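Below is one structure, written out as structure tokens; the observations come after it.
Only the coordinates and a few stated rules stand behind these numbers; no lab work does. Since we're looking at a predicted model, the values are computed, not measured. In this analysis, Cβ positions are derived from the backbone assuming ideal geometry, glycine residues included, and neighbour counts consider all displayed protein chains.
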Amino acid sequence: MVFTLGLRHTFVGRQRALALVQFIAIQTPPLRSGRCRKNLPLAAPSPMGSLFTYIDDAALFPCGGTQCHHCETESAPIFNFDGEIIDAKLAANPQFARDEPEVSELCAGCILGGNIRKDITPEIQKTINRFAADNDSARASFCRTPSIPLFLQYNDWPMCCGDWAEFFGIPQTADESEAVPQRFHYWEREPRDWTSDYALRPESLREISLFRCTTCDRQLFTWQFT
């Protein structure tokens with residue numbers, strides 16, 4: 001999506017304020033890999049992300065964009081988010097929002113602000129229908145989560161105990177990647193047995209995403225190869 005540079009409309013609203021306040025205490029790093037939790041007991045409490053419920057703060061990274069496609073702020077980190085503006089009047093540029101409602105890069109305030117409808121892919125809808133304790137709540141939660149991690153083939157976010165699992169990173173080394181199937185439960189549209197007889201050493205470690213249940217702390221992984 002191409003945005004015209006120049007004089008911006010003044011935007012007054014809680015979306016921008018929220019985005020600025022939330023990031024005062026958070027210095028969002030580049031992608032930081034989450035280590036495999038070798039000794040994490042199953043009964044251990046699972047910390048949830050302080051900004052986005054289902055993304056650990058250590059695994060949160062901006063996309064590199066410079067301007068939010070909704071409020072047009074340039075002073076907050078921007079995240080990938082594929083969706084559509086609901087009420088164009090609440091956008092910084094209402095006319096442009098009416099003509100081009102699709103967005104792909106947003107600040108945290110606008111992701112959480114409730115005026116963006118996230119694209120619900122058929123795969124995600126099937127996951128909700130099969131595993132969510134509350135379908136409406138699961139859809140609403142998904143719409144408040146940026147497009148992290150990287151799913152190379154299709155969006156396949158795991159669920160456990162009726163809720164979305166929390167993404168907490170990727171393997172940091174090839175050795176950690178190889179050990180993932182022994183320490184994590186495999187997810188591919190549903191819980192599955194890992195049946196491959198070869199070492200899990202992908203071309204890129206970002207092909208593997210690590211998750212944990214926020215209720216029982218069960219750990220899961222997905223693998224989508226290039």
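Worth pointing out:
- Charge dipole (debye, nearest 20) of region 120-225; +1 at Cβ of Lys and Arg, -1 at Cβ of Asp and Glu: 260
- Listed by Cβ neighbour count within 10 Å, with the fewest neighbours leading, C213, C161, C143 appear as C161, C143, C213.
- Taking region 61-119 and dividing mean pair separation by its residue count, relative contact order in percent (alpha carbons under 8 Å, at least six apart): 40
- Neighbour net charge for F167 - beta-carbon separation under 9 angstrom, K R +1, D E -1: -1
- Centre separation in Å (Cα based) which lies between region 69-139 and region 153-189: 24
- Protection proxy ranking of 196-203, 116-123, by the mean of other Cβ atoms within 10 Å over each peptide's residues and highest first, is 116-123, 196-203.
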